[in-house]
Amino acid sequence: MTGPAPVSTADPLVERFRAMWAQLAGIGRDPGTGGYLRYAWSAAELTCREWFTAEARRRGLAVRPDGNGNLWADWIPSGVDPTSPAVVTGSHFDSVPHGGGYDGPLGIVSALLAVDELRERGFTPARPVTVAAFVEEEGGRFGLACLGSRLLTGGVSAQYALALTDSDGVTVAEAMQAAGADPAAAGPDPDRLARVGVFVELHVEQGRALVDLGAPVGVASMIWPHGRWRLEFTGAGDHAGTTRMVDRRDPMLTCAHTVLAADAQARRLGAHATIGRVAVRPNATNAIPAQVHAWLDARAADDTALTTLVEAVGAEAAARAQADGTSVAVVRESDSPPVAFDPDLTDRIATAVGAQLTGAVPVLPTAAGHDAGVLAGHVPTAMIFVRNPTGVSHAPTEHATDDDCATGVRALAAALADLAGR
Ligand code: HGY
Ligand code: MN
Ligand code: MN
């Protein structure tokens with residue numbers, strides 16, 4: 001005798017999130033690793049943009065790309081002044097190579113669902129609400145993170161940005177053209193920036209703070225200063241078999257020592273250092289390398305610690321190069337100063353979210369960079385984090401539960417209602 005079918009306790013918002021998430025899940029996903037290959041201006045990322053444009057238009061949002069490849073979907077109800085500063089939310093579609101699916105897209109999907117939530121409640125904003133999708137946030141293809149938001153705000157010149165190349169030597173300009181965008185339109189967009197009254201980015205947490213606190217969502221207090229340095233090790237290419245060990249000037253040795261030194265210095269300073277990308281020339285099994293390039297990703301809680309870390313790594317590399325008969329150059333490719341999010345805005349959002357979720361909303365720092373970190377230098381900006389059960393990010397196992405993602409949508413809707421209300 002079977003009892004009555006269990007009443008589904010499924011939260012309709014969880015169901016809506018699941019359905020929307022499933023539409024994106026296969027785009028750019030590598031079946032071998034389960035990670036994503038959504039590089040800026042690539043077919044996969046363009047498919048994500050097409051999906052976004054269709055979803056936004058289905059909601060009656062006016063979708064306008066800017067000259068840099070960022071997308072802006074405006075919800076401007078009749079009677080609302082279209083030129084009044086908007087409440088903007090959103091994130092990015094691009095991923096690191098074989099990255100997770102949540103880093104970026106969760107902020108965009110949550111923004112579209114938050115618009116639905118507000119409409120379902122009969123909410124009409126008193127000012128424009130805009131959902132944005134920024135291009136090349138990860139720097140995974142062209143090497144400069146937050147490229148779209150840096151171009152928008154003048155943080156990088158169009159001339160410099162358009163000449164950046166990917167691993168195949170394709171420039172940003174060529175990638176834009178291939179996608180039908182006009183590189184000549186790239187550059188600062190003061191008019192669009194002036195129409196951003198406030199920016200709130202929802203993002204999967206890249207760490208375990210919320211798990212350890214038992215909280216489904218949190219709000220960001222600050223972003224650690226961080227940067228990328230290219231370490232160029234140069235030696236003497238030669239035969240792997242016939243060259244005596246005493247005669248070698250092998251830049252791989254200097255590089256290997258520097259990798260270990262970066263790790264040790266970071267641990268000593270309570271900072272973070274990673275060398276996860278290396279390019280070897282000629283990259284042959286039976287040839288001593290002529291040159292090795294290695295990229296240092298360095299981050300610390302403050303500028304002093306970051307500078308100390310990078311200088312210490314450079315000094316260790318130079319000392320080892322001396323011993324190896326090689327040379328080393330340290331070239332800064334990008335740096336992001338510390339970001340302290342607007343405290344009043346952060347408090348306001350934590351309060352609005354807390355009222356919605358009837359619980360404490362932790363306020364926590366992050367060592368991850370975001371477009372919100374770039375915009376924070378120009379407009380009041382805040383971030384909402386969604387719990388990540390393992391804290392893993394930039395890897396295929398990055399995850400957030402559907403329930404927490406639905407809670408994130410409700411939190412974002414509460415923040416948008418508070419910011420865009422009358
Ligand atoms: O690298 C970062 O911190 C960010 O995920 N782009
Ligand atoms: Mn990322
Ligand atoms: Mn991100």
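Here are a few things to note about the model shown:
- Candidates 147, 113 - the one that is buried (at least 20 other Cβ atoms within 10 Å of the Cβ), more than 16 Å from ligand 1 (Cβ to nearest atom) and under 26 Å from residue 86 (Cβ atoms): 113
- When 104, 90, 60 are checked against the criterion of being among the small types (Gly, Ala, Ser) and more than 16 Å from ligand 3 (Cβ to nearest atom), a single residue qualifies: 60.
- Flag for residue 343 being within 16 Å of ligand 1 (Cβ to nearest atom) and open to solvent by 60 Å² or more (accessible area, probe 1.4 Å): no
- Search result, residues across segment 257-301 that are open to solvent by 50 Å² or more (accessible area, probe 1.4 Å) and touching an Asp or Glu at 6+ places or on another chain (Cβ under 6 Å): 274
- Among the residues of segment 20-48, just one is of a type outside the set (Phe, Trp, Tyr) and assigned to a strand (DSSP E or B), namely 29.
- Enumeration of residues in segment 380-400 that are open to solvent by 50 Å² or more (accessible area, probe 1.4 Å) and touching a strand residue (DSSP E or B) at 6+ places or on another chain (Cβ under 9 Å): 380, 387, 394, 396, 399
- Candidates are the residues of segment 346-370 that are surrounded by fewer than 19 Cβ atoms within 10 Å (Cβ to Cβ), away from ligand 1 (no atom under 16 Å from the Cβ) and among the aliphatic types (A, V, I, L, M); the one that is farthest from residue 204 (Cα to Cα) is 355.
- Any hit, segment 144-152, residues being away from ligand 2 (no atom under 16 Å from the Cβ) and either within 26 Å of residue 101 (Cα to Cα) or in a loop (DSSP other than H, G, I, E, B) (or both): yes
- So residue 230, is it charged (D, E, K, R) and either free of Cβ contacts under 8 Å to residues at least 24 places away in the same chain or touching a Pro at 6+ places or on another chain (Cβ under 6 Å) (or both): no
- Within segment 198-230, if we keep just the residues that are farther than 22 Å from residue 137 by Cα and crowded, with 20+ Cβ neighbours inside 10 Å, the residue that is nearest to ligand 2 (Cβ to nearest atom) turns out to be 210.
The values are calculated or read from the model by the stated rules, or taken from the named source; none is laboratory data. Bear in mind that the values here come from a model prediction, so they are computed numbers and not experimental data. Note that we place each Cβ from the backbone using ideal geometry, even for glycine, and neighbour counts take in every protein chain shown. Accessible surface areas use protein heavy atoms only, side chains included; no ligands, DNA or RNA. Shrake-Rupley method; radii C 1.70, N 1.55, O 1.52, S 1.80 Å.
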